[in-house]
Amino acid sequence: MRLSVRWLALVPAVAAFVACHDTPTPTGLTTAPDLWASLTMDDAATDYPSWGGLDLLRDAGGVLHLSVVEHEFGRLQYGECSGSCANIVDWHLATIDSGPYQGFGENASSVITSAGMVTVYEDQPGGTGTFQVKIAACAAQCDQLSNWQKADLFPGLLGSVNYASTHARALAADPSGGLHVLFHDADSNGVWYATCAASCQSGAAWHAVPLDTVGGRVKFAGTNQSILVDSHSTVHVFLESSDTTEALRYFECAAACDSASSWHAVVLAHGYTGRTPSVALAGTRLAVAFHDRLPGSTVPTGLIRYGTCDSNCLLPDAWSMRQLPTLAGPDVALAFDAAGRPWVATSYGTASHYNGYADLSRCAVTCTSLTEWTTFRIDSLGDGGDVSLILDPGGTPHIAVSGMGVHYSEPRPGYTFQ
């Protein structure tokens, strides 16, 4: 294993499993221990939740890829696993970019294309507060620094403009390998969309249009967004706003998306809601999961909402919104398994192995009532930051969380989810 690491120490940990049904505050839980295997990746130096921009990905060959940025000491980290990922020796880890103290922003976003791994992230040259969106790409053997090509793209941030720890799911790839990015620009602090069809290492290859620049810093401070491109190259965007009259909006563009007139939007939610939207697609069903604050509350703790649309998604009545049986942690992640069943992950706590845990909720395809959701809990897997979730072709969940460090968990061999 290559560890270009002063940054990572991997520690095996055993996590417990608990299952519950149909209650936002689970009680009477039954325990079946040792069904989850977990690894902890931590630099043992950070003293606040400085790990963000977390993405756990799986390529067509079954290799897992992990990317994350460590804001405090300014490092962009990468890991890959091609074997049994609950084993330390099967992870290859590397630092792919570094800067001065607090030289990187708190967000990054990654995808896998036919050409390899692509990550966008925030560079803060000299730690001055003026951010630049950067891109890093690697075709193979990405645990070796020399195989990454990096370039500056344009001034701006991928996520929050008040430097709050948020999870910007800001990068997507289309079927042709073109890239699509959401960012907050440096001038208006509004949200922009940028796209590139080829030669994306050059800033000149990107074309950007504003999605919303009204309200700037006040409207989008501490907000999140999520982007997905479907098999027809239609671009889907979910955008949170601090304006409670349009707390969560859905934007859609079917073609010529580098023109502002090609974009259309609809308001999906009002109030103190819409935080950390995560978007996924199962066939023609578009879905989003997001953090919804408790009624009458402005504090982060809240509910998880799950919304679906099967067609005509620019019509408000085309969306069906439901509540999940678990409370929301700082971040929410959504993925579908091969059978079309949605899984939603969230995590809680200030530090794994202290008081943290993660909940995975899964339901049948219709998901019309709370009783259709089953929640699986992983103890000692919650770190006060991001959560990323993938399902392999067999329906096995793989989950990573970040905050004070980076943590990964998967079911032990032999266990299957019915």
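Structure above, values below:
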{"quantity": "Added length on full extension, which subtracts the Cα-Cα distance from 0.36 nm per residue, residue 84 to residue 147", "calculated": "20.3 nm"}
{"quantity": "Euclidean distance of C-alpha centroids, segment 54-97 and segment 194-250, integer Å", "calculated": "26 Å"}
{"quantity": "Rounded, prolate or oblate (a/c below 1.5 giving rounded, otherwise prolate when a/b exceeds b/c) for segment 166-209 by Cα gyration tensor", "calculated": "oblate"}
{"quantity": "Label-to-label distance, nm, for residues given as residue 254 and residue 314 (7 Å Cα→Cβ offset)", "calculated": "0.8 nm"}
{"quantity": "Magnitude of the charge dipole, segment 133-277, Cβ model with Lys/Arg +1 and Asp/Glu -1, debye to 20", "calculated": "260 debye"}
{"quantity": "Protein accessible area in segment 84-136, 1.4 Å probe - carbon and sulfur %", "calculated": "50 percent"}
{"quantity": "Theoretical gain in end-to-end length, residue 417 to residue 264 [0.36 nm per residue, Cα-Cα removed]", "calculated": "51.1 nm"}
{"quantity": "Net charge of Cβ neighbours under 9 Å - reference residue 105; Lys, Arg +1; Asp, Glu -1", "calculated": "-3"}
{"quantity": "Accessible surface of segment 300-418, 1.4 Å probe, proportion on carbon and sulfur as whole %", "calculated": "54 percent"}
{"quantity": "Heavy-atom accessible area ranking, 1.4 Å probe, most first, across 390, 304", "calculated": "390, 304"}
{"quantity": "Two-site label geometry, residue 368 and residue 244: point separation in nm, points 7 Å out along Cα→Cβ", "calculated": "3.4 nm"}
{"quantity": "Relative contact order (percent, whole number), segment 342-393, Cα cutoff 8 Å, 6+ residue spacing", "calculated": "42 percent"}
{"quantity": "Check: segment 54-114 dipole with +1 on Lys, Arg Cβ and -1 on Asp, Glu Cβ, in debye", "calculated": "80 debye"}
{"quantity": "Accessible surface, per residue, of segment 233-334 when the full set of protein chains is kept, probe 1.4 Å, Å²", "calculated": "38 Å²"}
{"quantity": "Segments 374-385, 174-185 sorted - mean Cβ within 10 Å per residue, highest first", "calculated": "374-385, 174-185"}
{"quantity": "Accessible-area ranking of 113, 244, largest first, probe 1.4 Å", "calculated": "244, 113"}
{"quantity": "Per residue accessible area in Å² of segment 338-414, where ligands, DNA and RNA are left out and the probe is 1.4 Å", "calculated": "30 Å²"}
{"quantity": "Listed residues 306, 272 arranged by accessible area, highest first, probe 1.4 Å", "calculated": "272, 306"}
{"quantity": "Protein accessible area in segment 163-264, 1.4 Å probe - carbon and sulfur %", "calculated": "54 percent"}
{"quantity": "Summed side-chain charge close to residue 339 - residues other than residue 339 whose Cβ falls under 15 Å, Lys, Arg +1, Asp, Glu -1", "calculated": "0"}
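The values are calculated or read from the model by the stated rules, or taken from the named source; none is laboratory data. None of these values were measured; they are calculated from a predicted model. When we count neighbours, we look across all protein chains shown, and the Cβ atoms used for this are built from the backbone with ideal geometry, even at glycine. What goes into the accessible areas is simple: the full protein's heavy atoms, side chains included, and nothing from ligands, DNA or RNA. Shrake-Rupley method; radii C 1.70, N 1.55, O 1.52, S 1.80 Å.
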